[in-house]
Amino acid sequence: MTEGGEELQDAAEADGEDGSVKVDLSQDESGKRNAILPPGIDSGDIVLFDRRCLSMSWQGALVCVASKMSSNTQWDHVGVVVKHPETGELLFLEADFGGVKLRSLHERVTRSRSKQIAV
């Protein structure tokens with residue numbers, strides 16, 4: 001995390017061996033996914049995704065499994081948090097098969113079908 005990271009990890013209960021803080025992924029009564037981001041996220045923070053490889057297209061599944069196996073980790077996708085200079089909105093910068101994308105962090109995390117997401 002950025003400035004004050006130690007306090008954030010204590011407050012959000014870092015649960016990864018690497019000191020990462022997991023994003024709370026839950027569903028409401030209607031089945032809609034709700035993501036609660038840990039406090040203190042700021043520009044420059046890294047967001048890790050542990051996606052369900054077998055739920056992807058065959059090309060995506062192949063890349064997903066290969067990245068997990070070759071890096072010996074559960075994480076197969078990563079992006080970085082960027083703060084909009086005028087509005088202060090937290091955005092998510094990532095690259096995928098469609099190119100480089102910049103979108104709302106909350107929207108991206110909420111629409112993800114990942115098993116786990118960590119900051």
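The values are calculated or read from the model by the stated rules, or taken from the named source; none is laboratory data. Owing to the predicted nature of the structure, the values given are computational and were not obtained by experimental measurement. Don't worry about glycine lacking a Cβ; one is built from the backbone with ideal geometry, like all the others, and counts go over all protein chains shown. Remember, those area values only see protein heavy atoms, side chains included, never the ligands or the DNA or RNA. Shrake-Rupley method; radii C 1.70, N 1.55, O 1.52, S 1.80 Å.
See the values below:
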quantity: Pair list, Cβ under 8 Å, 6 or more apart: segment 51-69 residue part of a helix (DSSP H, G or I), other residue basic (Lys, Arg) and open to solvent by 30 Å² or more (accessible area, probe 1.4 Å); calculated: Cys53/Lys68; Ser55/Arg113; Cys64/Arg51
quantity: Some residue of segment 76-91 being farther than 22 Å from Leu37 by Cα and either polar (S, T, N, Q) or at pLDDT 95 or above (or both); calculated: no
quantity: Pairs, first small (Gly, Ala, Ser) and part of a loop (DSSP other than H, G, I, E, B) in segment 18-43, second open to solvent by 70 Å² or more (accessible area, probe 1.4 Å) and modelled with pLDDT of 75 or more, C-beta under 8 Å, six or more apart; calculated: Ser43/Lys83
quantity: Exclusive hit being under 21 Å from Val23 (Cα atoms), among the small types (Gly, Ala, Ser) and surrounded by 19 or more Cβ atoms within 10 Å (Cβ to Cβ), set Gly44, Gly88, Gly40, Gly79; calculated: Gly79
quantity: Members of segment 97-119 that are open to solvent by 90 Å² or more (accessible area, probe 1.4 Å) and either in contact (Cβ under 8 Å) with a residue 40 or more places away in the chain or under 17 Å from Ala61 (Cβ atoms) (or both); calculated: Phe97, Arg111, Arg113, Lys115
